[in-house]
1. Between residue 217 and residue 11, what is the spin-label point distance in nm, taking each point 7 Å from the Cα along the Cα→C-beta axis?
2. Using heavy-atom solvent-accessible surface (probe 1.4 Å) with all chains present, what is the largest-first order of 230, 6, 104?
3. Check which residues have an amide H placed less than 5 Å from residue 73's amide H, if you skip close sequence neighbours.
4. Between residue 52 and residue 143, what's the calculated FRET efficiency when r is the beta-carbon distance and R0 is 25 Å? Round to 0.05.
5. Per-residue accessible area for residue 54 at 1.4 Å probe radius, Å² rounded to 10?
6. Suppose each label sits 7 Å from its Cα in the direction of the beta carbon; what would the residue 92-residue 106 distance come out to in nanometres?
7. What FRET efficiency comes out for the pair residue 229/residue 132, r = Cβ-Cβ distance, R0 = 25 Å, nearest 0.05?
8. Using helices alone, what [θ] at 222 nm do you get for the chain, with -39,500 (n - 2.57) per DSSP H run of 4 or more residues, divided over all residues and rounded to the nearest 500?
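The values are calculated or read from the model by the stated rules, or taken from the named source; none is laboratory data. Computed from a predicted model, the values in this text were never measured in an experiment. Ideal geometry is used to build each Cβ from the backbone, glycine not excepted, and the neighbour counts take in all protein chains shown. Accessible surface areas use protein heavy atoms only, side chains included; no ligands, DNA or RNA. Shrake-Rupley method; radii C 1.70, N 1.55, O 1.52, S 1.80 Å.
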Amino acid sequence: MQTGELLGSGRTADVFAIDDHWVLRRYRDGGDATTEAAVLAYLAERGYPVPRVRGPAGARQGTTPRTDLVMQRLHGPTMLQALLLGTITAEEAGSALAGLLHRLHSVPARASTDPAHRILHLDLHPDNVVLTAGGPMVIDWCNTEEGPPGLDRGMSSLILAQVAVDTTALAAPARAVLASLLTHLDPAVTAGNTDRGYLTEARNRRAADPSMSESETSLLDDAMRLVLELAPAQP
């Protein structure tokens, strides 16, 4: 498929403009976007704020590679960009992230027969939320799977905490967003692998992620301690 301007690049994929209404998300490592497309379509049908998709269903017809995902082009800043511009506060960002997690986990699982399982994003943080005129939209579902909601809460918390314990200019705003997120999450994030926890499992997954650098991995223990420090006390 002919593509236009490169709009952005993540750890595993690039996003190209097609026109003012559609973009092409292409995996660089040959990853298959079929599951991601099915999850996006499923969530959109149930009112969850995700981009509309147009592929890779065409792959079954031999027209679109399975590495490609054609989806709605979103207009607006990411939540991270809005934070840095000062158009939203850290409190608002954390509250919005918690709300998006709660809404996601209210949707029944698409495939799992375990009644406790839900669709998980597993990478929900301010740079994966686009603030459109119609409200926040969640992007980048390449890590999605089904499982216990506590794992999603733990993963989002840990991702923010890794930035918060680093030495970059994003550390202070990340800590403030994390504090707000943890205040608005219910059940709270704890270390154990129960519905109130899964922080340990989130840490283990981040440590095993080949896309993370050695310096990022080295922050995990401090990040985990920060989450537990900022999490509200358990009743």
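1. 1.2 nm
2. Of 230, 6, 104, the descending order of accessible area is 6, 230, 104.
3. 22, 23
4. E(calc), rounded to 0.05, equals 0.80.
5. 130 Å²
6. Label at residue 92, label at residue 106, 2.2 nm between them.
7. With a Förster radius of 25 Å, E is 0.15.
8. -11500 deg cm²/dmol
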